[in-house]
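First up is the structure itself, then whatever we jot down about it.
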Amino acid sequence: MAQWSIERKVLAGFGLTVAALVAIGVVLTGTTLNLIGANAAAARTQQGLLALERIYSVTREAESRQRAYLLLGGADDAAARQAAVQRVQSLLEELSGHVVADETVRARLPALTQHLTTRMALLDAVIDARRRDGPEAAMRQLAASPGHDEMRQVQELVTAMEADLGQRLAHRQAAAQTAAARALALLGLLLVLVAAALVALYARIRRDARERQDSEERLRAVVETAGEGIITIDAAGRVGSFNPAAERLFGYRADEVVGRNVNMLMPEPDRSAHDGYLQRYLASGVPHVIGTGAQVTGLRRDGTPVPLHLAVTEMRLGTQRLFTGILHDLTEQRAAQQRQDELIDDLRNVNEELRSFAYVVSHDLKAPLRGIGSLADWLVSDYTDKLDDQGREYLALMKGRVTRMDALIDGILEYSRVGRVQQPPVEVDLNALVTDVLQMLAPPPQMAVHVEGPLPTVVGERVRLQQVFQNLISNAIRHRDQPKGQVWVSCRDAGDDWQFSIADDGPGIEPRHHERIFQLFQVLTPRDRKESTGVGLALVKKIIETHGGRVWVESQPGQGSTFHFTLPKQRPLTEGVPTP
């Protein structure tokens, strides 16, 4: 994921803060509405309680005014009593409005209304008796009426309703307090979260700012200490920065180049063409050097040209397009390349001379050897009867030495050709190749050679691979220490390679000689006992290594020997062929 810039992080932080504030506002609005509803319900309950108290109080006032009227007959008392009765009716209606949400209280309201209506009717009857028959008659009727029972029932109903409303009021006040506490707790939590988010955002911005500053300082240090010249230019070709390596490369100080056109560092015709290249790229987007790299020529302050490798990259800072060029001085590289080309030419000449020398020397050495061999044959043929046993033994030794010398010269020539003279690699069926090797070697009847399983087809030089199998199998045959012997040729899959093994039941080799036997001219048996040039295994090692494999031996004295070598499974058929 791409890293956000500090600006985007700040905007994101403020966006999250605004979202959090909006969430706080929504939650607080809901909580406030709930609190207002709870307070309103509590207020209605409290007003219901007040209405009940006033109903009971006004009823008692009506009774008190009635007694005063009965005793004194004053018109004011009658009017006050009538006003109290009307006030009771209005208070009942008011109470009905306050207890709409209180089912228990609302259920008791009809009974209270009935008892109060009955009580008021009884009082009206006493008033009518007072007016019609006088005070004594009114007092008798008052004493005989069930008004006291009705008033007691009214009091009980009022007390019960007040208890219900008191419980409901306490419950609603507790709910309002809980809602208020929850709102305050939620507000505090959200404020803490917002504060924490702002602190974290601030810390992250500070850290990013420090990291950016550190990164810029590290980049500046890298640019300042870089061994390559680094130059930045704008879309008009003006130099924006010129590091110390560029100063050393061109001989200018940075203040002499910054702000000027970069083409001052180019010889003609590049100087005149550069602005056109830049404008065409800006117009078409098709690069000439940008993003690809090229070898160019720069111009030093003293007017000398300098070969350079130039890599240009483009970057954008807002709407501004900048280009960074990294310049590598190719002076030493080209000088080294020239020296290398000269050495390669010298090496080709030396190789050619060595090849010619080897053939000339081999011809010059083989000519007298053939003469010596012929003389030995003549002496044996013509003077056999004149030579004693020791003389004939000496002639045989001389003949063997001549034969060994001839084989040694052939082996050295063949060893020198491996890796230097190559044939194009081809697909080689090793089953057919080993069959041909065995036909050439013609093992004696007492020597059995077993080819275990089918052998793979590999890519390589057929003649060289034939030499490998021929040398290893012939060594196993030649160095047996028993009248009869066996040789096993096998192959196994070793992942990216084929691993071949040629094992025998011969005398074996001591571990201390396992590396030595692959060195040139190294033999383990005296040459007088067994003729050997000491070139065969060295030749095998060189052939296998030129084919991309390796060779080694596993052996113990008296337990036979197993020579292993590997050949890669994949090898291109189009490898280059070195010239001789």
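The simple Förster model, with R0 at 51 Å and r as the Cβ-Cβ distance, assigns residue 225 and residue 429 a FRET efficiency of 0.25. Model label points for residue 451 and residue 202, set 7 angstrom from Cα along the Cα-to-Cβ axis, are 8.7 nm apart.
Above 14 Å, the calculated P(r) of the stretch 421-485 contains 61 percent of its Cα-Cα pairs.
What accessible area per residue, rounded to a whole number of Å², is obtained for the stretch 195-235 using a probe radius of 1.4 Å? Mind dumping the intermediate values first?
On the way: 2800 Å² over 41 residues.
Accessible area per residue, the stretch 195-235: 68 Å².
Surface analysis of the stretch 451-524 yields an accessible area of 50 Å² per residue, using protein heavy atoms and a 1.4 Å probe.
Which of the trypsin sites (Lys or Arg not before Pro) across the stretch 433-516 are loop residues per DSSP, with 12 or fewer other Cβ within 10 Å?
Details: sites: 462, 464, 478, 480, 484, 492, 512, 516; in loops: 480, 484.
Here the trypsin sites (Lys or Arg not before Pro) that fit, given the DSSP loop and packing criteria, are 484.
Note on the stretch 231-322: with neighbouring protein chains present and a 1.4 Å probe, carbon and sulfur make up 54 percent of its accessible heavy-atom surface.
The values are calculated or read from the model by the stated rules, or taken from the named source; none is laboratory data. On a predicted model such as this, the values are computed, not experimentally measured, just so you know. All Cβ positions, glycine included, derive from the backbone under ideal geometry; neighbour counts span all protein chains shown. The accessibility values were calculated without ligands, DNA or RNA, using every heavy atom of the protein model including side chains. Shrake-Rupley method; radii C 1.70, N 1.55, O 1.52, S 1.80 Å.
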